[in-house]
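Trainee: One structure coming up, written as structure tokens, with questions to follow.
The values are calculated or read from the model by the stated rules, or taken from the named source; none is laboratory data. Remember, it's a predicted structure, so these values are computed and weren't measured experimentally. Heads up, the Cβs are rebuilt from the backbone with ideal geometry, glycines too, and the neighbour counts pull from every protein chain shown. The accessibility values were calculated without ligands, DNA or RNA, using every heavy atom of the protein model including side chains. Shrake-Rupley method; radii C 1.70, N 1.55, O 1.52, S 1.80 Å.
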Amino acid sequence: MSSPERPISFSTGYRDTGCGLLDSEWAGREVTLSGWVHRRRDLGGLFFIQLRDRTGVVQLSFGPDWTEDDCLALAGELGPEDVVQARGQVNRRPDDAVNPDMATGEVEVHVRQLERLSPSAPLPILVAVPPEEDLPAEELRLRHRVLDLRRPEMLHHFVVRHRATAAVRAALDEEGFLEVETPLLTRQTPEGARDFIVPSRVQRGHFYALPQSPQLYKQLLMVAGFDRYFQIARCLRDEDLRADRQPEFTQIDAEMAFVEQDDVFGVAERMFARMWRDTLGVELETPFTRLTHADAVEMYGTDKPDLRIPWKLHDFTPVLVGIGFGIFDAAAKSGGRVRGFVAKGGTALSRARLDHYNERAGEYGAKGALWLKRTEDGWSGAPARFIGEKTAPELERQFDIEPGDLVALVAGPDAETSSALDVLRREIAAELGATRLTESHWLWVVEFPLFEADPETGRPVPAHHPFTMPAETDPDRLREEPLSILAHAYDVVYNGMEFASGSIRCHKPDLQRAILETLGLPADEVERRFGFLLEAFKYGVPPHGGFAVGLDRVIATMVGMESIREVIAFPKTAAGRGLMEGSPSTVSSEELAELGIQLSPEG
């Protein structure tokens with residue numbers, strides 16, 4: 001990780017420098033340090049303490065030849081996480097005592113004077129967790145988050161987060177962007193998830209909504225002539241949580257006026273390149289690869305494909321339908337297809353593992369998965385006996401199948417099979433070691449549908465959000481054939497993870513009204529909820545577009561963590577609870593009455 005250009009001394013009235021900043025150049029100098037007791041060793045009259053602060057850890061040495069008697073006694077009493085101030089001389093360690101695993105491992109401080117600034121109660125969780133021990137359960141870590149955040153590993157996550165965010169600000173500043181804060185108290189807008197609602201005490205019976213994103217405000221800033229806006233924005237959504245979701249999260253939000261899609265891509269790519277270079281010392285190759293949404297789903301079963309896996313999906317329908325295998329024929333007859341991929345070396349998978357993957361396919365909407373194994377002795381698997389002398393060589397030629405390969409197949413409508421094939425491709429590749437983990441692949445997925453069908457009602461819902469510019473700009477056609485319309489929308493995908501999403505915005509008032517009406521909003525409702533946006537559009541609105549980056553997901557990836565909770569200082573649990581502070585909490589009946597709110601009886 002790169003260092004800041006200006007060295008930071010951390011010198012204050014309590015210390016001359018940070019614990020982790022001592023090196024051999026300090027040898028022979030008197031120094032005052034302050035920090036937490038990280039570890040302590042007692043060697044029978046000699047004490048060694050690792051003192052820790054944000055900058056790192058240094059070894060303090062206590063002995064009768066150089067430490068005052070009362071301070072030596074105190075050193076023997078100290079417990080983990082006591083806060084102390086120590087004064088002494090920095091000495092080089094003997095060659096055989098140098099610790100190469102510590103940044104300060106060449107030196108130690110021979111302490112003369114010691115003061116305990118603050119004692120620590122017995123610890124409910126360890127801060128200095130030995131490498132061979134597992135961390136405490138996550139619930140316990142979240143309950144005692146202050147102690148958990150003291151661990152050097154956790155501190156590293158937030159150093160990375162800070163430097164990455166600083167790189168974003170530097171990159172966008174160089175591109176001419178202005179950082180503007182937008183309101184946290186706003187009104188409800190349809191953005192795909194439930195809003196958090198805040199009652200107004202002054203306007204009784206009225207409610208604010210917390211913003212799911214600054215979408216409308218950043219568009220209004222473009223109308224206002226700001227030209228280029230960005231914000232490290234807090235977003236709030238009342239939705240079901242997963243490892244990569246929180247009710248409150250942070251996004252890098254950017255918007256530009258008078259731009260086309262390529263202009264937006266260039267800015268975003270330069271920003272990501274700056275983040276990776278300044279934070280990780282890695283140079284990204286730009287421009288990123290581009291893939292249409294239709295091609296991504298066809299070749300990988302998902303709009304966020306992991307390109308580190310070399311296998312693509314194929315349509316086996318022309319070869320396998322009509323050979324007499326009923327499942328394949330029935331799928332084709334009902335308008336479906338037989339799709340799958342060739343897993344190189346997949347014959348190594350046992351019957352039990354294939355049964356497991358059959359269940360996984362069912363969990364993701366398919367009726368199950370079928371297998372063909374190509375061994376030196378021929379074909380095996382349920383459809384194998386239907387593969388005749390004509391079909392076998394055609395399979396091998398078209399799909400490059402060799403002895404040792406497994407063909408994973410799912411039959412049915414694409415809407416049922418795509419997600420299942422995506423999961424099978426990723427999980428089988430991981431099990432067989434086919435995912436090229438040393439590589440990184442950045443990808444723009446473009447040409448998303450403007451709408452998709454709600455799985456329950458079949459009604460159009462936004463594929464991104466309802467303020468995206470359609471590729472088809474005829475309002476009548478949009479109303480008549482909404483599910484056929486593509487959008488100027490795009491995602492950034494990194495190794496199978498969606499990092500960013502954006503679009504060119506709809507700046508035509510009549511077209512924007514048509515989009516909102518297609519979503520089922522009557523004209524008066526459109527006016528009531530979005531009149532302020534459409535009113536602004538009357539006075540000259542520039543073509544504009546932008547993107548939003550999920551900062552928490554990006555930082556988690558940078559530090560190698562699965563869950564974004566590891567890079568958020570005070571996250572919520574999967575149930576949306578803040579275990580440390582005890583949120584959400586009840587509110588007194590008097591406060592509710594002041595807000596004009598009455599709770600309904602339970603049940």
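Trainee: What FRET efficiency comes out for Ser11 versus Arg187 if R0 is 30 angstrom and r is the Cβ-Cβ distance? Round to the nearest 0.05.
Mentor: Plugging the Cβ-Cβ distance into 1/(1 + (r/R0)^6) gives 0.05.
Trainee: Lysine pairs in the chain with Cα distance under 17 Å, only those 8 or more apart or on different chains: how many are there?
Mentor: 7
Trainee: Which peptide among 179-189, 515-525 comes first, and what is the full order, when sorted by highest mean count of other Cβ atoms within 10 Å?
Mentor: 515-525, 179-189
Trainee: While we're looking at this one, here's another question. Give the relative contact order (percent, whole number) for the chain; include only Cα pairs under 8 Å separated by 6+ residues.
Mentor: That works out to 13 percent.
Trainee: How high is the FRET efficiency between Asp510 and His156 when r is their beta carbon distance and R₀ equals 45 Å, given to the nearest 0.05?
Mentor: About 0.30, to the nearest 0.05.
Trainee: Beta carbons within 10 angstrom, averaged per residue: use that to sort the peptides 11-17, 551-557, highest first.
Mentor: 551-557, 11-17
Trainee: In the range 511-603, which chymotrypsin sites (Phe, Trp or Tyr not before Pro) are in a loop and have at most 16 other Cβ atoms within 10 Å, using DSSP for the loop call?
Mentor: Sparse-neighbourhood loop chymotrypsin sites (Phe, Trp or Tyr not before Pro): Tyr539.
Trainee: Right, something else. Using the heavy atoms of the protein chains alone and a 1.4 angstrom probe, what is the accessible area of the chain per residue in square angstrom?
Mentor: 49 Å²
Trainee: Say each of Glu402 and Asp101 gets a label point 7 Å from the Cα, pointing the same way as Cα to Cβ; how far apart are those two points in nm?
Mentor: Between Glu402 and Asp101, the simple spin-label model gives 4.3 nm.
Trainee: Under 5 Å between amide hydrogens, which residues at least 5 positions from Tyr208 or on another chain qualify, with H placed 1.01 Å from N in the peptide plane?
Mentor: Sorted by chain and number, the residues that satisfy this are Val198, Ser200.
Trainee: Got the relative contact order for the range 367-416 handy, in percent, Cα pairs under 8 Å and 6 or more residues apart?
Mentor: 52 percent
Trainee: Additional query: Could you look at the chain and say what percent of its accessible area is carbon and sulfur, using a 1.4 Å probe and all protein chains?
Mentor: Here it works out to 50 percent.
Trainee: Report Rg/Rh for the range 1-88, rounded to two decimals, where Rg is the Cα radius of gyration and Rh the Kirkwood radius.
Mentor: 0.99
Trainee: If you don't mind, there's one more thing I want to ask. With axes computed from alpha carbons, what is the tilt in degrees of helix 414-432 against the longest principal axis of the chain, rounded to the nearest 10 within 0 to 90?
Mentor: 40 degrees
Trainee: Could I ask something else about it? Take peptides 96-107, 437-448 and line them up by average Cβ neighbours within 10 Å, highest first, as a rough protection proxy.
Mentor: Descending mean neighbour count gives 437-448, 96-107.
Trainee: Of the labelled options [x] 44, 27, 25; [y] 51, 37, 24; [z] 44, 29, 21, which one gives semi-axes √(5λ) of the Cα gyration tensor in Å as computed for this structure?
Mentor: Answer label, from the structure shown: [y].
Trainee: If you don't mind, another one. Plugging the Kirkwood radius over Cα pairs into Stokes-Einstein for the range 79-214, at a temperature of 25 °C and a viscosity of 0.890 mPa s, what D comes out in µm²/s?
Mentor: 117 µm²/s
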